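The values are calculated or read from the model by the stated rules, or taken from the named source; none is laboratory data. Keep in mind the model is a prediction, meaning the values are calculated, not measured. Cβ sites come from the backbone with ideal geometry, for glycine too, and all protein chains shown count toward neighbours. Calculation scope for accessible area: heavy atoms of the full protein, side chains included, ligands and nucleic acids excluded. Shrake-Rupley method; radii C 1.70, N 1.55, O 1.52, S 1.80 Å.
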Amino acid sequence: MQIHKTTTPIFVSKFQCVGSECLISCCRGWTISIDKKTHQKYVFSAHPEIAAIAKDNLILQRKGKSNYSRIRLDEKGNCPFIDENMLCMVHRDLGEAALSPTCATYPRLSSRYQDETRKNMTLSCPEVVRRVLFDPEAMLLQEQDELLAVYKTNLIGQRQSVPQANQVIHLMAWNLIQSPSKGIEENLMALAQLILMLQHVSFDLHGQYEQVEQFYEGLLRELQSGKSLLDANSVARSSTMKYLALSILGTNVARDSARDGFVLEGHRQIARYLDVSSLASPEEIDEKFVGINQQWQTLCEDSCISEPHVLRNYLLYKLYSGYFPGIETATIMRQFYRIVLDFFYLKTFLSVKSMHDELEQQTVMKTIASFSEKTLHNQTIDARMDFAIDKINGGDDLTCLLLIG
């Protein structure tokens, strides 16, 4: 027998689908794979309308049992099983048990390790975004232990256990992001400094733990004292690099979106604000980014994201989702830079959008859900984000840190 732990954040326990009230329907714009058993169930259903829709709109793929067919969307990009109230006819008439695994599980996720199962949900669902960001308790973790036979802890597809030293790094990163500070960017910079320290000691926590712990505790004290860890001079010199990052993110993230054009329109809004083609000097680009930072500061002081838990919960979600730094510490800085790129883009996006209209919770929810659709549901996005990081760094592995300020 072996102890197996199940970890469940509060937001997962509290989640409930809001159905037709959802800001972005999960029944629109996406490729929905149907397994063979569900395909047969729909095609030969005793419910005549569902059977007719299935026969007309389930396109055979035959790429294995789990991808036996896919649903043909209508001219508006909606699933043909959606009724006039934007509710699922299968769920309505046949019950939840009749849903395909794809539809029954979304937006739920689960990562299984040999010694732990971590429950999660994807931020591409706006209601998950609301639960994560706007509930102060959202990222509290509930843990439950159970005794399992060894053969049940060695299942196909599960990941090996995260090494104990990496779990310690995860806890340190978690505490640095969670710590009170002058601003959330300070927490990110503190995590960057911890990573650099760990690289300096070659991640040897067994031999260098006392030195690492002292450095980590010093970072916590600096955050809690309100001291700034950001280099003001470096922040002022980062405008050209930030523009490059936005251009790359526009190509890799904003250009196409399956469910709506929200991110693309927001990116165009950023382009209109910067209006680089009409600027005569680098100083004018600097002024544009100063304006973005000032607007961001205003949002952090007085808006729907100004409560300290909102942005912290977003970053804690990122750490939790990847069990940062995972099994391999060799990629820790690359993992961190992906988080930084996400944060930088959302900061810029929300700042520019709020220059035109008051920032509301629904705007934040749609922004993060639409952005996450591209960054969490694309098999090539990590490679493309890594390409972006390399281009921004330009041979200097630390340049991306300037995106934090």
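Residues H91, H267, H356, H206 ordered from highest to lowest accessible area at a 1.4 Å probe: H206, H356, H91, H267. Against the main long axis of the alpha-carbon atoms of the chain, helix 239-249 sits at an angle near 10°.
Computed over the alpha-carbon pairs of segment 1-148, the distance histogram in 5 Å steps reads 2, 9, 15, 18, 16, 14, 12, 8, 5, 1, 0 percent, short to long. Remark: segment 125-224 carries 52 Å² of accessible area per residue (probe radius 1.4 Å; ligands, DNA and RNA excluded).
Over all distinct alpha-carbon pairs, what is the Kirkwood Rh of segment 170-229 in angstrom? About 11.4 Å, per the Kirkwood formula over Cα pairs. Separation of segment 114-135 and segment 9-74, taken as the distance between their Cα centroids, equals 22 angstrom. Accessible surface area normalised per residue over segment 302-405 is 37 Å², counting heavy atoms of protein chains with a 1.4 Å rolling probe. Estimated purely from DSSP H runs of n ≥ 4, each contributing -39500 (n - 2.57), the mean residue ellipticity at 222 nm for the chain is -16000 deg cm²/dmol once divided by its residues. Given a 1.4 Å probe and the protein chains as shown, K391 ends up with an accessible area of around 110 Å². Shown are M355, M139, whose ranking by accessible area with a 1.4 Å probe and every protein chain present, most to least, is M355, M139.
Accessible area of I368 (1.4 Å probe, protein heavy atoms only, ligands and nucleic acids ignored): about 10 Å².
Under 5 Å from the amide H of S69 lie the amide H atoms of I34, Q61, R62, each residue being 5 or more positions distant or on a separate chain, with H modelled from the backbone and absent for Pro and chain starts.
Taking label points 7 Å from Cα along the Cα-to-Cβ direction, S281 and M1 give a separation of 7.6 nm. Under a 5 Å amide H cut-off, with hydrogens placed 1.01 Å from N, F15 pairs with nothing among residues at least 5 apart or on other chains.
Size of the chain from its Cα atoms: along the principal axes, largest to smallest, the extents are 69, 63, 37 Å.
Once the Cα atoms are used to define both axes, helix 308-321 deviates from the longest principal axis of the chain by about 70 degrees. As a fraction of the 1.4 Å probe accessible area of the chain, surface on carbon and sulfur atoms comes out at 50 percent. Amide H of Q114 versus every other amide H placed in the peptide plane: which residues, excluding those fewer than 5 positions away on the same chain, fall under 5 Å? Long-range HN contacts for Q114: R159, S161. Cross-link check: pairs K227/K347; K288/K347; K5/K347 evaluated at a Cα-Cα cut-off of 26 Å; pairs beyond the cut-off: K5/K347. Along segment 279-285 the Karplus relation, 6.51 cos²θ - 1.76 cosθ + 1.60 evaluated at θ = phi - 60°, assigns HN-Hα couplings of 7, 9, 8, x, 4, 5, 5 Hz to successive residues, with x for each Gly and Pro.
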